[in-house]
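Trainee: One structure follows; several queries about it will come next.
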Amino acid sequence: MKSKSVILSSLLVVFLSGCMVFSFYPLYTEEDLFPNDLLVGEWVDADSITWQFDFNYFGKPVLENRDSTAFILRMKEKDSQEFSKQEFLVRVIELGGHYFLDFYVEEYLKENDLTFFDLHLMPVHTFAKLELDGDDAKISWFSGAWLEELIEQNRTHIRHENNGNHILLTAKPQELQEFVVRYVNAPDAFDDGLSASLHRIAN
């Protein structure tokens, strides 16, 4: 799955695949966040899927309510006229000279028409390394299979829960940050994970 692109609106499918590392807590604290426009705009991946990053406007399209430390990510498949209604809250943080992204489905459990199925889902955070080169970007998620191997071989003691089917990190942000910085240059940390290569669309 080294170069596989993922449509983030298919979160449940991705979760069941076990291809990413999942966390109960975010990778950041409020002190780690900083205003930036690194991703703002529209990008296209190798599967012609459009990724639209816009600032979080708290539901109101006025400048005073803009949170420039957070992006709302919407996606549009090839030949589609509309972006997916599912949105991701994406935060950028910088650790050890590297950019990382924290993905979270902030609004999922705030819908009005919840089903019994919906009530059994809990939003989680996923982490990815962000590499920027002009109008090109690569997003690489940490591999779930790699994390499982680390834990099985007793090579990490990061706090987690394992129910036999899925591993959920339960470490707090500081411990999570130390973990990702330690392994950001480990090739096997991303070899079996999901990744997306994006090119910015000129406005």
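The values are calculated or read from the model by the stated rules, or taken from the named source; none is laboratory data. Remember, predicted model here, so these are calculated numbers, not experimental data. We place every Cβ from the backbone using ideal geometry, glycine too, and count neighbours over all the protein chains shown. With ligands, DNA and RNA removed, areas are computed over all heavy atoms of the protein, side chains included. Shrake-Rupley method; radii C 1.70, N 1.55, O 1.52, S 1.80 Å.
Trainee: Kindly list, by first and then second residue, each pair from a residue in the range 23-49 that is in contact (Cβ under 8 Å) with a residue 60 or more places away in the chain to a residue that is outside any loop (DSSP other than H, G, I, E, B) and of a type in the set (Val, Ile, Thr), limited to pairs with Cβ atoms under 6 Å and residues at least 6 apart or on different chains.
Mentor: Every condition considered, the pairs that remain are Tyr28/Ile93; Asp32/Ile93; Leu33/Thr69; Leu38/Val92; Glu42/Thr50; Val44/Thr50.
Trainee: Okay, moving on. Hey, among the residues in the range 81-108 that are open to solvent by 50 Å² or more (accessible area, probe 1.4 Å) and among the aromatic types (Phe, Trp, Tyr), which one's farthest from Lys138 (Cα to Cα)?
Mentor: Result: Tyr108.
Trainee: Is it the case, given these coordinates, that Leu130 is within 18 Å of Ala186 (Cα to Cα), outside any strand (DSSP E or B), open to solvent by less than 80 Å² (accessible area, probe 1.4 Å) and touching a strand residue (DSSP E or B) at 6+ places or on another chain (Cβ under 7 Å)?
Mentor: Here the answer is no, as Leu130 does not meet what is asked.
Trainee: Which one of these is within 18 Å of Asp102 (Cβ to Cβ) and surrounded by 20 or more Cβ atoms within 10 Å (Cβ to Cβ): Val184, Val180?
Mentor: Within the list Val184, Val180, the selection yields Val180.
Trainee: Which numbered condition trips up Leu130, out of (1) at pLDDT below 95; (2) touching a Leu at 6+ places or on another chain (Cβ under 7 Å)?
Mentor: The one condition Leu130 does not meet is (1).
Trainee: With the requirement that a residue be in a loop (DSSP other than H, G, I, E, B) and either within 20 Å of Leu95 (Cα to Cα) or within 16 Å of the chain's Cα centre (by Cα) (or both), what does the range 171-191 give you?
Mentor: Looking only at the range 171-191, we keep the residues that are in a loop (DSSP other than H, G, I, E, B), and these are 171-172, 184-186, 190-191.
Residues satisfying the conditions are Ala171, Lys172, Val184, Asn185, Ala186, Phe190.
Trainee: Would you check if there is a residue in the range 154-168 being part of a helix (DSSP H, G or I), open to solvent by 10 Å² or more (accessible area, probe 1.4 Å), without any contact (Cβ under 8 Å) to a residue 40 or more places away in the chain and β-branched (Val, Ile, Thr)?
Mentor: No.
Trainee: Looking at (1) under 23 Å from Arg74 (Cα atoms); (2) among the aromatic types (Phe, Trp, Tyr); (3) surrounded by fewer than 19 Cβ atoms within 10 Å (Cβ to Cβ), which one does Phe142 not meet, given that it meets all the others?
Mentor: Unmet for Phe142, out of (1) under 23 Å from Arg74 (Cα atoms); (2) among the aromatic types (Phe, Trp, Tyr); (3) surrounded by fewer than 19 Cβ atoms within 10 Å (Cβ to Cβ): (3).
Trainee: Right, something else. Count, please, the residues in the range 95-127 that happen to be β-branched (Val, Ile, Thr), modelled with pLDDT of 75 or more and either assigned to a loop (DSSP other than H, G, I, E, B) or over 19 Å from the mean Cα position of the chain (by Cα) (or both). Lay out the reasoning, then the answer.
Mentor: Step one: of the range 95-127, the residues β-branched (Val, Ile, Thr) are 105, 115, 124, 126.
Checking which are modelled with pLDDT of 75 or more leaves us with 105, 124, 126.
Next cut, either assigned to a loop (DSSP other than H, G, I, E, B) or over 19 Å from the mean Cα position of the chain (by Cα) (or both) only: 105, 124.
Residues flagged as β-branched (Val, Ile, Thr), modelled with pLDDT of 75 or more and either assigned to a loop (DSSP other than H, G, I, E, B) or over 19 Å from the mean Cα position of the chain (by Cα) (or both) within the range 95-127 amount to 2.
Trainee: Continuing with the same structure: For the range 193-200, check the following and say yes or no: at least one residue is surrounded by 13 or more Cβ atoms within 10 Å (Cβ to Cβ), free of Cβ contacts under 8 Å to residues at least 60 places away in the same chain and in contact with a Gly (Cβ under 8 Å, 6 or more places away or on another chain). Quick ask: steps written out before the conclusion?
Mentor: Filtering the range 193-200 down to residues surrounded by 13 or more Cβ atoms within 10 Å (Cβ to Cβ) leaves 193-200.
Those left that are additionally free of Cβ contacts under 8 Å to residues at least 60 places away in the same chain: none.
Checking the range 193-200: not a single residue is surrounded by 13 or more Cβ atoms within 10 Å (Cβ to Cβ), free of Cβ contacts under 8 Å to residues at least 60 places away in the same chain and in contact with a Gly (Cβ under 8 Å, 6 or more places away or on another chain).
Trainee: Here is a further query. If you check Ser140 against the conditions, is it free of Cβ contacts under 8 Å to residues at least 60 places away in the same chain, assigned to a strand (DSSP E or B) and over 15 Å from Phe24 (Cα atoms)?
Mentor: For Ser140, the condition - free of Cβ contacts under 8 Å to residues at least 60 places away in the same chain, assigned to a strand (DSSP E or B) and over 15 Å from Phe24 (Cα atoms) - is met.
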